[in-house]
Amino acid sequence: MVTYEFYRDVFLGSRLEEDTFPGMIARAERWVQKLERTYQVEPVGEDSRDLAVCAVAETMDECMQHQGIVQSTVGKVSVRYSDKKAMEQRLYRSAGVFLKIYRGVG
């Protein structure tokens, strides 16, 4: 399990507070485990799986903060936070920064 110290000192995260961290990191861990059951997932470095869990936790927190927003637009980019599929795509992309995720047969 990823520790708050790892999140703060290695991932350099600051979005999650120490008191809410255990719950968010547990959710993120379960989501990455689901990803690993669904796809072929390979870490790209020594700590990349833990870094992916941290990234997913921050993305989950951000999506939860903006649940009431139906759509957010910045320039030409538009995101629907209340849409579960859009949220899962954001989580997938967050994990994909640190993990190689193969969707098809390799």
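Going toward the positive end of the dipole of segment 1-52, with +1 on Lys and Arg Cβ and -1 on Asp and Glu Cβ, which of THR38, MET24, ALA52 do you reach last?
Checked the options; the winner is THR38.
Less than 11 Å Cβ to Cβ from GLY96, Lys/Arg counted +1 and Asp/Glu -1: what total charge do the surrounding residues give? Please report the intermediate quantities before stating the final value.
Details: positive: ARG90, ARG93, LYS100, ARG103; negative: none.
Around GLY96, the surrounding residues sum to +4.
When the chain is fully extended, how far beyond the present Cα-Cα distance does ARG30 get from GLU5, taking 0.36 nm per residue of separation?
Numbers: separation 25, 0.36 × 25 = 9.00 nm, distance 1.98 nm.
Going from the current span to full extension adds 7.0 nm.
List, in order, the whole-Hz ³J(HN,Hα) value for each residue of segment 23-31 obtained from phi through the Karplus relation with A = 6.51, B = -1.76, C = 1.60 and θ = phi - 60°; use x for Gly and Pro.
Whole-Hz 3J(HN,Hα) from phi for segment 23-31: x, 5, 5, 5, 4, 5, 4, 4, 5.
Which FRET efficiency value, to the nearest 0.05, is calculated for GLU18 and VAL44 with the Förster distance at 41 angstrom and r the Cβ-Cβ distance?
Numbers: r = 28 Å, r/R0 = 0.68.
Using R0 = 41 Å, I get an efficiency of 0.90.
Since every read-out is calculated from the coordinates, none of them should be taken as a lab result. Quick caveat: nothing in here was measured; it's all calculated off a predicted structure. Here Cβ is always computed from backbone atoms with ideal geometry, including for glycine, and neighbour counts include all displayed protein chains.
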